[in-house]
Amino acid sequence: MERKLATVLFVDLVSSTNLVAASDPEVVRRRVQRYFDDVASCIMTHGGIVEKFAGDAVMAAFGVPLAHEDDAERAVRAAIAIHDKVAELGLEIRIGVESGEVVADASDSTFATGEAVNLAARLQQAAPTGGILIGPAAQRLTRGLIEAEEFGALDLRGWNDPVTAYRVLGTCGGGRPLGNLTARLVGRDEELELLETTFSRTVRHGRASLFTLYGEPGVGKSRLAREFVAGLEGATVLSGRSLPYGEGVTYWPLAEMVKASAGIADDDPSEEARKKLRESCEDEAVADLLALAAGVLEAVEGERSPQEISWAARAWAEQLGQAQPLVLVFEDIHWAEEPLLDLIEHLAAWVKEAPLLLLCLARPELLDVRPTWGGGSVRSTAIELEPLAPADSAELVEALIAERKLPIDVDAVLAKTEGNPLFVEETIRALAEQDGGAERIPDTLQALIAARVDRLPAEQRVVLQRASVIGRIFWPGAIEHLSADLESPAGALEGLLLRDFVLPESRSSITGESAFKFKHVLIREVAYSGLSKAARAEYHARFAAWLSERTGEELLEIRAFHLDQAARLHEELDGKAPAELAEQAAKALARAGDRAMSRESFRTARKLFLRAVELGPTLGRRYSAARAAWRLGDVVALAIEMEHVREAAAGVEPKLEGRALTALADVALIQDADAAEARDLVERALDVLQPGDPARFDALWTRSQVAAWLGDAGGFERWAKEALAVARESGRKDFEAMIVQSLSNSYLLRLELEPAEPLVERALELAHESGSVVGRAAAHHALAWLEHTRGRWPEAETAYVAARELYAEIGLVGQEASMTLHLGRLYVAQDEVERGEKLLREALRTFKGVRDRAHLCEAQRSLAQLLAAQGRLEEAERLALEARETVGNEDKMSISTTKLALGQVRAAQHRDEEAEHLMREAVDGLEAFQMYSPEREALRVLAGFLRDRGREDEAAAYEERLVELLARSAAPIA
């Protein structure tokens, strides 16, 4: 069974019963027989096969069993010829033609089934008398060759949506291209010069540049890139390609580059690979992060965010670029996942200490998923590679013809190829294989490749199709494994090399195995499309088995993809996958999900785990899927899925039950702002989780945050220190840095500077040692708050800006907004009111967008205070009331600070009794919970309110308390 791109033609007589009634039976018989003979003759003359006669109707297929590059055109031309021939008989007919995928026997049988067959029949029935209707696919394939006009959108039986049909008017010339070129470069002097100029500027300025080369398939992007890098001297060039399929391969291009630079083969033992990587990197933390991205380090080694991997890639690129200029070529980034696109833009924006050219090759579809790609950067260049100019196309055609000594009409080739380099090359190759025959030049690259594949010797065609299951790059050992039924797979592969279907690959990711690749990904796609789904399922599963035996877990993500593909195909064909295959796929997908989690590619991990659950819904896999949602911040899915996990794990799997309870506590805190519920849930989690279980860190951390919300400083410190101990036992310096920073902030909240100072220093040390960008940003945040508390505002501003830039660099929007909020307050305190208001509004908008309820109320109240001081009372009141509605019921600090803000608004409105009540409640609340840092502001506001109203003695009492607190920090109030 094979799947083929074919074109189907239906023709039927109009009113044959009237013909019988009006004529002598013998005359009718002879005329009808001539009709059948003429129809069959026209079909066969154009290379089609008469598949069946049914009454007065004839069905023909073009492209079965052997495809031609112009099957659609042949079918329409045959239809025109039939129309003319039958008209000579005085008969009237209707004809319908459509192209599409059909299923046919792998033998010489012409029996075909598929949607194109049904649609061609329906078009024939809808055609006007004497008319030829073609469907949308046939119209696309013959555009420029067949003159047709739109007939209208038809409601056809069996189709849910109207089908646009076209009425054939005649034939015409022309054509249009598809493709890519690996032959001699012509017509690209300007583009090559621009690339060279960009590289020179990059070297001169010593920083990163982004160059994106857009182009349709086959237009010559890769060829131009190869010509460019071949001319470079004194530069390091590394390349990687995004795969058009699979999960868990987010950083595949980066992995190819990193491994190439470190001399790592994919099947190197983990320790050896890790050693090579560490030897090639100056910073061990960078090496470990890159090891996670490249799949060298297992998930148990720890989780890192895409932002941290971007930071590591930046450090790695700067190291290489400081040795000599670096060029990183990212191919096919229209298939890249979001984290890789973020990484490339991160490198472009933040590599400022080394010459780095990021050369990205993409189809225009990239802009469909990333409309802002490269936008906003002054060092970003993008060009679209257009088809060759006529003179350049002629030069290319003449060179290829001269090379092959073929008697081909140059003008005819140019008319058909319209400047697409690969289309030129593939067309001439196809004609060369026919010894320069006059067969019509194909009208699309897909049809051309399908025709070339069908003309291959049987074993070569089989090897090409089985290689297509493996992917763009494949290995002879895998082909041998998939082709035990063939006489000489190696000989067939050699034939494919000679025929230029495949090329040797310079580097193999499997030690001891040479590698080959399809000359173009479209060749692979066409070869794959020819396999039946049953055959695809078989070969995906068999290749996964070979990969497991040959490489173990090194190419786990690829193996998981192939097992999943096999399972999906069985589901489509049979309703479900075989139990053994489903479980194998689920296990591989879950392990690939673990690896993705270790790199915090959470979206990829989420998809992998969800698919693993579909195939084998174990409790552990359900938890993993929910955990990915947890890391993604998808609290809606988290609440539902973790509750199911908790219910299923209760009394059976205490570890999973405890982890689920911790996650649900986070839901209560983040989504519902319900600290009491969060406390109950996390305490239940701690009761279940045993000492020594690393999962206790999350529970202890959450418990400390609950305590902070409740204003329990002692409880916060106790829980945080327990979490710190777990982090140290686990060797997680990034977790340790997070706790140390949080502890320092707790001391600063109470104006205890002496114990806070060494903690801030330690947080900075740990962040550097762990290589955690998040840790570095948090440590700078702690430093900023320390300097702010001291009243050293220039130093505080510097640290806030540094933290804000780090958060922005790694894409943590909420934390960046928090620094924006602090900077806004700092500027307001320094009477830079306009600048401060702008930042406060920016922070408020961001917190609303990310639904950060705790920080949103703080932004609302800070802006309300500023506006009240300026007399802009309408908006100030609205914001102050919104802050009171936003604040959580148990958020002790913000309950007081939002009361203070509303009190200031009421004072400005001369509602003194209400204002005083709110201000006193704010002071009392902050003092009661030892939140002395914000208490200073509340004391100043209340004292000023009382003094302005002549109540000097009462004001003096609060001012005395204020002086006491200021003495602790030796600071003015901000």
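The values are calculated or read from the model by the stated rules, or taken from the named source; none is laboratory data. No experiment lies behind these values; they were computed from the predicted model shown. All Cβ positions, glycine included, derive from the backbone under ideal geometry; neighbour counts span all protein chains shown.
With respect to (1) surrounded by fewer than 23 Cβ atoms within 10 Å (Cβ to Cβ); (2) farther than 24 Å from Ala876 by Cα; (3) at pLDDT below 90, the lone exception for Glu805 is condition (3).
For segment 513-550, filtering for residues that are in contact (Cβ under 8 Å) with a residue 40 or more places away in the chain and closer than 18 Å to Ala265 by Cα leaves 6.
Looking at Arg728, Arg696 in this structure, which one is more than 26 Å from Glu787 (Cα to Cα) and within 33 Å of the chain's Cα centre (by Cα)? First the steps, then the outcome.
Details: Arg728 fails: within 33 Å of the chain's Cα centre (by Cα).
Of Arg728, Arg696, the one residue that is more than 26 Å from Glu787 (Cα to Cα) and within 33 Å of the chain's Cα centre (by Cα) is Arg696.
Checking each residue in segment 225-261 for being surrounded by fewer than 22 Cβ atoms within 10 Å (Cβ to Cβ) and more than 25 Å from the chain's Cα centre (by Cα) picks out Arg226, Glu227, Val229, Ala230, Gly231, Leu232, Glu233, Gly234, Ala235, Thr236.
Can you give me the ranges of the helices (runs of 4 or more DSSP H) entirely in segment 472-579 with at least 3 residues that are assigned by TED's automatic domain parsing to the domain that holds Pro253?
Details: elements: 476-482, 489-498, 521-529, 533-551, 556-574.
Result: empty, no element qualifies.
In segment 168-187, of all residues being buried (at least 16 other Cβ atoms within 10 Å of the Cβ) and out of contact with any Lys or Arg (no Cβ under 8 Å at 6 or more places or on another chain), the one that is modelled with the lowest pLDDT corresponds to Leu178. Is it true that some residue in segment 557-572 is farther than 24 Å from Leu498 by Cβ, in contact (Cβ under 8 Å) with a residue 12 or more places away in the chain, surrounded by fewer than 24 Cβ atoms within 10 Å (Cβ to Cβ) and touching a His at 6+ places or on another chain (Cβ under 9 Å)? Within segment 557-572, one or more residues are farther than 24 Å from Leu498 by Cβ, in contact (Cβ under 8 Å) with a residue 12 or more places away in the chain, surrounded by fewer than 24 Cβ atoms within 10 Å (Cβ to Cβ) and touching a His at 6+ places or on another chain (Cβ under 9 Å). Could we say that His520 is at pLDDT 95 or above and under 23 Å from the mean Cα position of the chain (by Cα) here? Considered against the rule, which asks whether it is at pLDDT 95 or above and under 23 Å from the mean Cα position of the chain (by Cα), His520 comes out as no. Of everything in segment 375-394 that is of a type in the set (D, E, K, R) and touching a Gly at 6+ places or on another chain (Cβ under 7 Å), the residue that is modelled with the highest pLDDT is Glu384.
If Lys587 passes every condition in (1) over 24 Å from Ile309 (Cα atoms); (2) buried (at least 20 other Cβ atoms within 10 Å of the Cβ) but one, which one does it miss? Tallying (1) over 24 Å from Ile309 (Cα atoms); (2) buried (at least 20 other Cβ atoms within 10 Å of the Cβ), Lys587 fails exactly one: (2).
If we keep just the residues of segment 496-512 that are polar (S, T, N, Q) and touching a residue at least 24 places away in the same chain (Cβ under 8 Å), which is nearest to Leu456 (Cα to Cα)?
Per the stated criteria, the residue is Ser508.
Val923 falls short on exactly one of the conditions (1) more than 23 Å from Asp712 (Cα to Cα); (2) free of Cβ contacts under 8 Å to residues at least 40 places away in the same chain; (3) over 46 Å from the mean Cα position of the chain (by Cα), and that condition is (1). Keeping to segment 225-255, report how many residues are closer than 24 Å to Ala596 by Cα and in contact with a Leu (Cβ under 8 Å, 6 or more places away or on another chain). Total satisfying the criteria: 12. The residues of segment 665-693 that are under 32 Å from the mean Cα position of the chain (by Cα), under 20 Å from Val726 (Cβ atoms) and aliphatic (A, V, I, L, M), listed by number, are Ala665, Leu669.
Take Ala60 and decide whether it is crowded, with 23+ Cβ neighbours inside 10 Å and assigned to a strand (DSSP E or B).
Numbers: crowded, with 23+ Cβ neighbours inside 10 Å: yes; assigned to a strand (DSSP E or B): yes.
In short, yes.
Count of segment 689-706 residues, restricted to those that are surrounded by 22 or more Cβ atoms within 10 Å (Cβ to Cβ) and of a type outside the set (S, T, N, Q), is 9.
Would you mind stating whether Glu98 is assigned by TED's automatic domain parsing to the domain that holds Val11 and in contact with a helix residue (DSSP H, G or I) (Cβ under 6 Å, 6 or more places away or on another chain)?
Values: assigned by TED's automatic domain parsing to the domain that holds Val11: yes; in contact with a helix residue (DSSP H, G or I) (Cβ under 6 Å, 6 or more places away or on another chain): yes.
Taking the combined requirement at face value, the residue satisfies it.
When Lys4, Lys52 are screened for being at pLDDT below 80, under 25 Å from Gly114 (Cβ atoms) and part of a strand (DSSP E or B), only Lys52 passes.
A count restricted to segment 925-956 and to residues that are in a helix (DSSP H, G or I) and exposed (fewer than 14 other Cβ atoms within 10 Å of the Cβ) stands at 5. Out of all the residues in segment 773-793, is one or more surrounded by fewer than 24 Cβ atoms within 10 Å (Cβ to Cβ) and within 22 Å of Arg728 (Cα to Cα)? Within segment 773-793, one or more residues are surrounded by fewer than 24 Cβ atoms within 10 Å (Cβ to Cβ) and within 22 Å of Arg728 (Cα to Cα).
When Gln860 is tested against (1) surrounded by 24 or more Cβ atoms within 10 Å (Cβ to Cβ); (2) closer than 19 Å to Ala708 by Cα, only condition (2) is not met.
Confirm whether Ile264 is buried (at least 20 other Cβ atoms within 10 Å of the Cβ), assigned to a helix (DSSP H, G or I) and of a type in the set (Val, Ile, Thr).
Numbers: buried (at least 20 other Cβ atoms within 10 Å of the Cβ): yes; assigned to a helix (DSSP H, G or I): no; of a type in the set (Val, Ile, Thr): yes.
For Ile264, the condition - buried (at least 20 other Cβ atoms within 10 Å of the Cβ), assigned to a helix (DSSP H, G or I) and of a type in the set (Val, Ile, Thr) - is not met.
For segment 296-314, how many residues are crowded, with 21+ Cβ neighbours inside 10 Å and either touching a helix residue (DSSP H, G or I) at 6+ places or on another chain (Cβ under 6 Å) or modelled with pLDDT of 85 or more (or both)? Residues that pass the stated criteria total 12. Residue count for segment 502-541, restricted to those that are out of contact with any strand residue (DSSP E or B) (no Cβ under 7 Å at 6 or more places or on another chain) and under 22 Å from Ile449 (Cβ atoms): 13.
Please determine, by comparing only the residues of segment 672-712 that are part of a loop (DSSP other than H, G, I, E, B) and among the small types (Gly, Ala, Ser), which one is nearest to Ala922 (Cα to Cα). Working first, answer last.
Initial filter on segment 672-712 (part of a loop (DSSP other than H, G, I, E, B)): 672-674, 689-695, 710-712.
Subset that is among the small types (Gly, Ala, Ser): 673, 692, 695, 711.
Details: Ala673: 20, Gly692: 42, Ala695: 38, Gly711: 14 Å.
The extreme case among them is Gly711.
Looking across Arg646, Arg659, one residue alone is under 28 Å from Val887 (Cα atoms) and either at pLDDT 95 or above or of a type outside the set (S, T, N, Q) (or both). It is Arg659.
Every condition in (1) under 19 Å from Thr381 (Cβ atoms); (2) buried (at least 24 other Cβ atoms within 10 Å of the Cβ) holds for Leu340 except the one numbered (1).
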